[in-house]
Amino acid sequence: SSQMTLKECLDECMEALDLFLNNHFNESLERLRPRVNESMYHALIYATVLEMQAMMTFQHDDISNAGNTMKSAQEVCQRFRRKSPGLTNKSVGESLTEVQLHAEVCYAECQLQRAALTFLQDENMVSFIKGGIKVRNSYLIYKELHSFIKSHNCLKGSSHLHLEGGISFGIGAFNLTLSLFPPRILKVLEFAGFSGDKEYGLSLLRDGATAMNLRSMLCALLLLCYYTFLTFILGTGEGEVAEAERLLKPFRLRYPRGAIFLFFAGRAEEIKGNIDEAVALFEDGCKAQQAWKQFHHMCYWELMWCFTYKRAWKMAYFYADLLSQESRWSKAMYVYMKAAYLSMLPKDEARPFGEDEVELFRKVPTFKQKIAGKSPPTEKFAIRKARRYKASCPTKLPVPVLEMMYMWNGFSMISKRPELTEGMMQTLVDAEHILLESPENEYSVDDRCVIHMLKGLCLKNQGLLQAAEECFNKVFSSEKKIRFDHYLVPNSLVELSLLYIEQGRRDEAIKLLHKAK
């Protein structure tokens, strides 16, 4: 057929998404490709799949190709949009046609995704401003559409469910993402007309994820990222696992071998402390498909941490090594982790592939990179910690793996499993003995304080709150003597304040948090 109806286009795009979620990534693109120049939904979904791929490969060519494809998709959407601005022409009282309404929501989505790519790709201020303008334009369209479909002027066409899904995704994504910004910045954004209401954003995304529409997958993926990752990275690590599992259930039934859902199911088990179950799901996620190696990398990263929690240093090293060879996301981090795992092995134990941790630590700074114009904080941390290996006869880092594990909130991951915390405590006690027997050097105080802080986290996991408090206080009282790891004092104060909150000592906690600033 030369011209497909809106409904036919949406049906075919749903089939393509079905293929995508069943790991038939290339077939999914093949199904969409013939109509990318004539159907706004084919163009948008095709570009979205390429963008997801680009974000995983992190290859410059993939990112710019996805950007160009998304730009072409935006031009296709533009052709279907109403020529005069505004969604209703007040004087005539006429509303937009169904196709024009869908064109608005697709256009807004293209702008939003192009902005995301701009932030990933470029480091200069001009592109940041351009990205910001795209974000604002997109938000204004979503906002107007949202009011419009709630009004009596809006006639519900046969594809209204997909239109609503698109708007739920847009408004939900904006509210959730903006709510994660620090309050200072949020105030400015709200003044500029944005809204960052987290609960409202989550409820719209939940509605979008549970209705069977074209945006269900995007709503679900955003929520799963939030529940199983962002609550950990930006919060205290109490991930909302029950929500994630409820959301996953229908997708797991429908796509039992879907690599994306196996990955998130593994992540949910990991958060619950079921490390062996998590390992099995991540390994299944790798076996489920071979077309997109980038999915494997996400699983490798999680497998690396799972084996870290079990203190299987060589297995964890193996995954860090795979990542350092195959993934472009953060080579500095992967090489640092390889070196860190090797340094946890006894001196006389043979190193895999004959690699030497000192050489690896020295290479870390050469892999520095920038994302959205900035070096990721964990990468900066790795480079700073590796510095001491520049010396011709370097002082060993005592527990580099456990310190990085703290940076990724790993101690809250093992809190449900006493034997894992027990194992980490043993590693820390052993490292402390070695430090006490070694001659004093310029790093001695810092190294002792690292161990105090991490022991405090283990003791907290074990419910020994008094002993944990003493550990955090030891770090705080060494403030003047710490020479390099200045992060230890504010972080120990934050951990201590969280401990106080658990005990209902709120006022003391607030005082500590002011100190930590």
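The values are calculated or read from the model by the stated rules, or taken from the named source; none is laboratory data. Keep in mind that this is a model prediction, so the values were computed, not measured. With ideal geometry, Cβ positions are generated from the backbone for all residues, glycine too; neighbour counts draw on all protein chains shown. SASA here: full protein model, heavy atoms, side chains in, ligands and nucleic acids out. Shrake-Rupley method; radii C 1.70, N 1.55, O 1.52, S 1.80 Å.
Label region 378-463 by shape, choosing from rounded, prolate and oblate, from the square roots a ≥ b ≥ c of the eigenvalues of the Cα gyration tensor; if a/c is under 1.5 it is rounded, and otherwise prolate applies when a/b is larger than b/c, oblate when it is not.
oblate
Given the whole protein assembly as supplied and a 1.4 Å probe, what does the accessible area of C286 come to in Å², nearest 10?
20
Are any of the pairs K481/K517; K380/K481; K134/K293; K272/K385 more than 26 Å apart by Cα-Cα distance, and if so, which?
Pairs exceeding the cut-off: K134/K293; K272/K385.
Can you tell me the FRET efficiency between A291 and A242 if r is taken as the Cβ-Cβ distance and R0 is 35 Å, rounded to the nearest 0.05?
0.60
Quick check: with the 1.4 Å probe, what order do W329, W305 take by accessible area, largest first?
W329, W305
How far is it, in nm, from the label point at F229 to the one at Q78 when both lie 7 Å from their Cα along the line to the Cβ?
Inter-label distance under the simple model: 3.1 nm.
Within a Cβ distance under 13 Å of P352, other residues only, what is the Lys/Arg minus Asp/Glu net charge?
Net charge in that neighbourhood comes out at -2.
Using 0.36 nm times the number of residues separating S444 and Y487, minus their current alpha carbon distance, what extension gain do you get?
13.9 nm
How far apart, in nm, are two points set 7 Å out from the Cα along the Cα-to-Cβ line at E27 and at A211?
In this crude label model, E27 to A211 measures out at 2.9 nm.
Run the numbers on region 261-363 and let me know its relative contact order in percent, using alpha-carbon pairs under 8 Å that are six or more apart.
Relative CO of region 261-363 lands at 18 percent.
For E432, what charge total do you get from the other residues with a beta carbon under 11 Å from its beta carbon, if Lys and Arg give +1 and Asp and Glu give -1?
It works out to a net charge of -1.
On average, how much area does the Cα convex hull of region 366-416 cover when viewed from any direction, in nm²?
For region 366-416, the mean projected area of the Cα convex hull comes to 4.6 nm².
Between E15 and Q462, what is the spin-label point distance in nm, taking each point 7 Å from the Cα along the Cα→C-beta axis?
So the two model labels end up 6.1 nm from each other.
When the Debye formula is applied to the Cα atoms of region 206-344, each taken as the same point scatterer, what base-10 log of I(q)/I(0) results at q = 0.13, 0.15 Å⁻¹?
-0.58, -0.77
Which helices count as membrane-span-like in the chain under these terms: full DSSP H, at least 27 Å along the axis by C-alpha, Kyte-Doolittle mean of -0.5 or more?
98-121, 125-150, 160-179, 418-437
Can you pull a Stokes-Einstein diffusion coefficient for region 253-311 at 20 °C (1.002 mPa s), Rh from Kirkwood over Cα pairs, as a whole number of µm²/s?
192
Note down, for region 435-476, the three equivalent ellipsoid semi-axes (square root of 5 times each alpha carbon gyration tensor eigenvalue), biggest first, whole angstrom.
Semi-axes, largest first: 23, 9, 7 Å.
Counting C-alpha atoms alone, how compact is region 396-517: give Rg to one decimal and Dmax as a whole number, in angstrom.
Computed over the Cα atoms of region 396-517, radius of gyration and Dmax are 14.0, 42 Å.
In µm²/s, what is D for region 300-357 at 4 °C and 1.567 mPa s, where D = kT/(6 pi eta Rh) by Stokes-Einstein and Rh is the Kirkwood radius from Cα pairs?
115
Under 8 Å for C-alpha pairs, at least 6 residues apart: give me the relative contact order for the chain, rounded to a whole percent.
9
Report the net charge of residues surrounding A467, where surrounding means a beta-carbon distance below 15 angstrom and charges are Lys +1, Arg +1, Asp -1, Glu -1.
With Lys, Arg at +1 and Asp, Glu at -1, the neighbours total -3.
Before rounding to the nearest 500, sum -39500 (n - 2.57) across all DSSP H runs of length at least 4 in the chain and divide by the residue total; then give [θ] at 222 nm in deg cm²/dmol.
Dividing the helical sum by the residues of the chain leaves -22500 deg cm²/dmol.
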